[in-house]
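Presented below is the structure to which this report refers.
The values are calculated or read from the model by the stated rules, or taken from the named source; none is laboratory data. Keep in mind that what you see is a predicted model, and the values were worked out from it rather than measured. Because the Cβ atoms are built from the backbone with ideal geometry, glycine has one as well, and the counts that use them run over all protein chains shown. Areas reflect the complete protein model, heavy atoms only, side chains present, ligands, DNA and RNA absent. Shrake-Rupley method; radii C 1.70, N 1.55, O 1.52, S 1.80 Å.
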Amino acid sequence: MASMIGLLAVMAIPVTTSVAQGIKGDREEKAKAKLPPYFTLFSECKTSPLHSHKQLVLRDNNCYLNTTSSPTAGHPFGGYIRLFINSETPALVTSTSFDPPALGWLYVDKETRRVKYGNRAEAGEGLFGPWTYDAFGLNMEDWYGFVAVEEDGEWAMYAEVKGQEGKIEGVNVRLVQEPIEELIPTKK
Ligand SMILES: *[C@@H]1O[C@H](CO)[C@@H](O)[C@H](O)[C@H]1NC(C)=O
């Protein structure tokens, strides 16, 4: 009896090991397939319903809250955090157009403190990271927060960054994630 159990135990080892490896492999595949997690951004503002739950949209290199009902308000932000090119800094990629498919980087203009998007060179001139995401929403190191500023009836996004003087007059908002399936929707 004892030798029987011993034999079973020996035989069982390779089987369970390969099954375990298989499951581990599947999990790794799934984790890989899921990464990177794409998300869009919506505003949150406890004091103003107008500035709450509005999607961040991109237009003409600037970012706005979509407070309108217009489908031409801009291109909806949709992206993920990844390292900036040739850099250790976590940066924020977003689609900038679906057709033709195009990507850009979200950054803050150092002088105007406007939240903008652009190509690698444009973002490289501004504050392109390190972007982080925590309980307070989208964030950057040494950071105060996002401010929506009215410009010709639209609400443009600005950012107060530590070390940069002067308060930005506007409505303080947070930007929180909502998951999206694809960076660029596949054509049906
Ligand atoms: C802006 O929001 C409105 C209302 O939710 C929606 O109909 C419109 O498609 C949005 N525009 C963009 C560009 O996301």
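Can residue 116 be described as open to solvent by 30 Å² or more (accessible area, probe 1.4 Å), within 14 Å of the ligand (Cβ to nearest atom), among the basic types (Lys, Arg) and at pLDDT 95 or above? Lay out the reasoning, then the answer.
Values: open to solvent by 30 Å² or more (accessible area, probe 1.4 Å): yes; within 14 Å of the ligand (Cβ to nearest atom): no; among the basic types (Lys, Arg): yes; at pLDDT 95 or above: yes.
When the stated conditions are applied, residue 116 does not pass them.
Pairs under 8 Å by beta carbon, first residue free of Cβ contacts under 8 Å to residues at least 24 places away in the same chain in the range 123-148, partner acidic (Asp, Glu) and open to solvent by 20 Å² or more (accessible area, probe 1.4 Å), six or more apart or different chains? Taking only residues 6 or more apart or on different chains, the pairs are 126/109; 143/160; 144/160. When the range 52-64 is filtered for residues that are touching a residue at least 12 places away in the same chain (Cβ under 8 Å) and on the phi > 0 side of the Ramachandran plot, only 61 remains.
Within the range 89-103, not a single residue is at pLDDT below 95 and of a type in the set (A, V, I, L, M). Checking the range 15-33 against the condition returns no match, with no residue being aliphatic (A, V, I, L, M), modelled with pLDDT of 95 or more and either outside the structural domain of residue 128 (by TED's automatic domain parsing) or surrounded by 15 or more Cβ atoms within 10 Å (Cβ to Cβ) (or both). In the range 47-64, the qualifying residues are those that are away from the ligand (no atom under 12 Å from the Cβ) and part of a loop (DSSP other than H, G, I, E, B), and the one that is nearest to residue 120 (Cα to Cα) is 61.
When the range 145-188 is examined, which residues are found to be of a type in the set (Ser, Thr, Tyr) and buried (at least 16 other Cβ atoms within 10 Å of the Cβ)? Spell out how you get there, then give the answer.
So the first thing to find is which residues in the range 145-188 are of a type in the set (Ser, Thr, Tyr), and the list is 158, 186.
Of everything in the range 145-188, just one residue is of a type in the set (Ser, Thr, Tyr) and buried (at least 16 other Cβ atoms within 10 Å of the Cβ), namely 158.
Every residue in the range 87-113 that is open to solvent by 10 Å² or more (accessible area, probe 1.4 Å), of a type in the set (S, T, N, Q) and within 16 Å of the ligand (Cβ to nearest atom), please. 96, 97 - these are the residues of the range 87-113 that are open to solvent by 10 Å² or more (accessible area, probe 1.4 Å), of a type in the set (S, T, N, Q) and within 16 Å of the ligand (Cβ to nearest atom).
Within the range 65-86, track down each residue that is in a loop (DSSP other than H, G, I, E, B), touching a residue at least 12 places away in the same chain (Cβ under 8 Å) and more than 7 Å from the ligand (Cβ to nearest atom).
Taking the range 65-86 as the starting set, the residues that turn out to be in a loop (DSSP other than H, G, I, E, B) are 66-74, 77-78, 84-86.
So of that shortlist, the ones also touching a residue at least 12 places away in the same chain (Cβ under 8 Å) come out as 66-68, 73-74, 77-78, 84-85.
67, 77, 78, 84, 85 - these are the residues of the range 65-86 that are in a loop (DSSP other than H, G, I, E, B), touching a residue at least 12 places away in the same chain (Cβ under 8 Å) and more than 7 Å from the ligand (Cβ to nearest atom).
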